[in-house]
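Reviewing the structure listed below.
The values are calculated or read from the model by the stated rules, or taken from the named source; none is laboratory data. This is a predicted model, so every value here is computed, not measured. Here the Cβ positions follow ideal geometry from the backbone for every residue, glycine too, while neighbour counts run over all protein chains shown. SASA here: full protein model, heavy atoms, side chains in, ligands and nucleic acids out. Shrake-Rupley method; radii C 1.70, N 1.55, O 1.52, S 1.80 Å.
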Protein chains: 2
Amino acid sequence: MTFMTAARTTPADRPAMGLRERKKIKTRQAIRTATYALIEEQGYDATTIEQIADRAEVSPSTVFRYFPTKEDIVITDEWDPVMLAEVRARPEDESWADVLRHVMRTALDLSLAEEPEVTRLRTRLAVEVPAVRARMIESMSATGRLLREALAERSGLDPDSLELRVFAMSVMGGLMEVSHYWAETGHRDDIRELVDRALDVLEKGLPTQKP
Amino acid sequence: MTFMTAARTTPADRPAMGLRERKKIKTRQAIRTATYALIEEQGYDATTIEQIADRAEVSPSTVFRYFPTKEDIVITDEWDPVMLAEVRARPEDESWADVLRHVMRTALDLSLAEEPEVTRLRTRLAVEVPAVRARMIESMSATGRLLREALAERSGLDPDSLELRVFAMSVMGGLMEVSHYWAETGHRDDIRELVDRALDVLEKGLPTQKP
DNA sequence: CCATGAAATGAGAGTAGCTCTCAAAAGGTA
DNA sequence: TACCTTTTGAGAGCTACTCTCATTTCATGG
């Protein structure tokens, strides 16, 4: 779910870490922050890795050591394991749509509470910058694989079957479109509500369809 | 539907064109042919624009004049208008799933008949090369917009509504996964059959789902 | 508290995709 | 043949990204 904000480090693992790891996290965050700021100021394309490195006070080499591509600086997230756990925690007899509804809401609430502007920036960039959108979809299909696993456990179907694969990707495609819609309409709507409506469509098909 | 083979020029418009336009088409085709050949020989990444230009006997500048990116040389297609017309030609009362079934079959038959190897190469590259996959999904969402239009006409729903957008993209996501599945399993299956199964899932949901 | 090893960083060179500009060549027209 | 337009090639330039190697920074055991 790349359009959500990246999770911060939980306070729990702070004391256990040495100086080294703490510095790494700080650097990572510095690069991201610098990138977001520069993009807000000048736009995505006009922002170069060199500028990012300068503002984050690291070398360009270091930027690439932390993020494989420029797009990844923007879209990387660490939510997948969280969401997978969330799925597993839902009751056995709940429908997949309700499971997703619940999981998405939890994730969105967290994300919007932590860094609402970043969440919005991300979705906006996904609409405006093809490369970012591409990378985002890419990571979405990774999430799709996880969703497949989860659905396989619940439905008893083979996770590698065409049916489950198609199903999972169609759900992801639909959810992706929600993020797009949200950004394109200027983030006016409540995205949680949009997600609910999308899941209705995915569950029950188009409304008021001709017989 | 980027995983299908690009349509050749129909014989009809051959005589009407001057030398200039005929040359352009030949150049375009030369670049594509050179690209496919080089990729088969050395792989996608190892193939540079310079090599492509050399083999196609044009300059690198010209390659970029014909195709905006390297990926586009591989995935560009001209099927969308054809498919849209095909959709419009289907009877009013046919379900969207049947419409898609029909249209997809027509397109696939054409594509497989004309250049089966290219069709396979494309789907394989979409699995193996992230950049190609990204570009392919990109063009898929353009097709998604067309599908939306078509579905709007049939259902009477607003083509810009969240519901229709989500629906169209979920269908495209599902169909995309078919292409992936096909390539990942070594093109062993009959893709027309895979498409049918996928549309069943999209229409009726997962089979044998727990109540 | 210091020496030794490991990990992180920076500097710099190199590749390739892609853009832009401008002059030469080829096609169309009268 | 002469003139205009379109297409092409040559080349310079930018930037994302990779790789290598020397230097610095942290961790650790004596």
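By the helix-only formula, in which each DSSP H run with n ≥ 4 contributes -39500 (n - 2.57) and the sum is divided by residues, chain B has a 222 nm mean residue ellipticity of -23500 deg cm²/dmol. Taking a ≥ b ≥ c as the square roots of the eigenvalues of the Cα gyration tensor, region A:2-135 is classed as oblate, since a/c reaches at least 1.5 and a/b does not exceed b/c.
Closest approach of a chain A Cβ to the axis relating A and B (residue, whole Å): A:GLY173, 1.
Computed with a 1.4 Å probe over protein heavy atoms only, the accessible area of B:THR69 comes to about 50 Å². Shielding value for B:193-203 is 3, the average number of Cβ atoms from other chains within 10 Å of each residue's Cβ.
To the nearest 20 Debye, how big is the dipole of region A:11-98 about its Cα centre, given +1 on the beta carbon of each Lys and Arg and -1 on that of each Asp and Glu? The dipole magnitude comes to about 780 debye.
Taken about its Cα centre, chain B carries a charge dipole of about 580 debye when Lys and Arg each add +1 at the Cβ and Asp and Glu each add -1 at the Cβ.
Take A:ASP190, project a point 7 Å from its Cα along the Cβ direction, then tell me which residues of region B:136-178 have their backbone nitrogen under 19 Å from it. From region B:136-178, the list is B:162-163. Each Lys or Arg adds one and each Asp or Glu subtracts one; over the other residues with Cβ under 14 Å from the Cβ of B:ILE31, this totals +3. Other residues with beta-carbon under 11 Å from the beta-carbon of A:ARG192 carry, at +1 per Lys or Arg and -1 per Asp or Glu, a net charge of -2. Scattering from region A:72-211 was approximated by placing one identical point on each alpha carbon and applying the Debye formula without solvent; log10 I(q)/I(0) at 0.16 1/Å stands at -0.89. Inter-copy label distances at B:ASP93, shortest first and taken from points set 7 Å along Cα to Cβ: 4.1 nm.
Separation of region A:32-64 from region A:96-132 is 23 Å, based on Cα centroids. Comparing B:VAL201, B:VAL99, B:VAL74 in a Gaussian network model of chain B (Cα springs below 10 Å), the most mobile by mean-square fluctuation is B:VAL201.
If you run the Gaussian network model on chain B, springs between alpha carbon atoms under 10 Å, then out of B:SER141, B:SER179, B:SER155 the most flexible one is B:SER155. The shape of the protein assembly as shown comes out oblate: with a ≥ b ≥ c from the C-alpha gyration tensor, a/c is at least 1.5 while a/b does not beat b/c. When A:LEU38, B:LEU157 are compared by accessible surface with a 1.4 Å probe, the order from highest to lowest is B:LEU157, A:LEU38.
Here the simple spin-label model places points 7 Å from the Cα toward Cβ, and for B:ALA142 and A:GLU203 these points are separated by 3.6 nm. The solvent-accessible area of B:ILE191, taken with every protein chain present and a 1.4 Å probe, is close to 0 Å². Model label sites at B:GLU57 and B:THR106, defined 7 Å from Cα along the beta-carbon direction, differ in position by 3.8 nm.
Of all the options B:ARG197, B:ARG188, B:ARG148, the one that moves most in a Gaussian network model of chain B with Cα springs shorter than 10 angstrom is B:ARG188.
Label points for A:SER59 are taken 7 Å from Cα along Cα→Cβ. From this copy to the others they lie 3.8 nm apart, shortest first. Placing a label point 7 Å from Cα along the Cα-to-Cβ direction at B:PRO130 gives distances to the equivalent points in the other copies of 1.8 nm, listed shortest first. Taking every protein chain into account, the 1.4 Å probe leaves B:LYS70 with about 40 Å² of accessible area, to the nearest ten.
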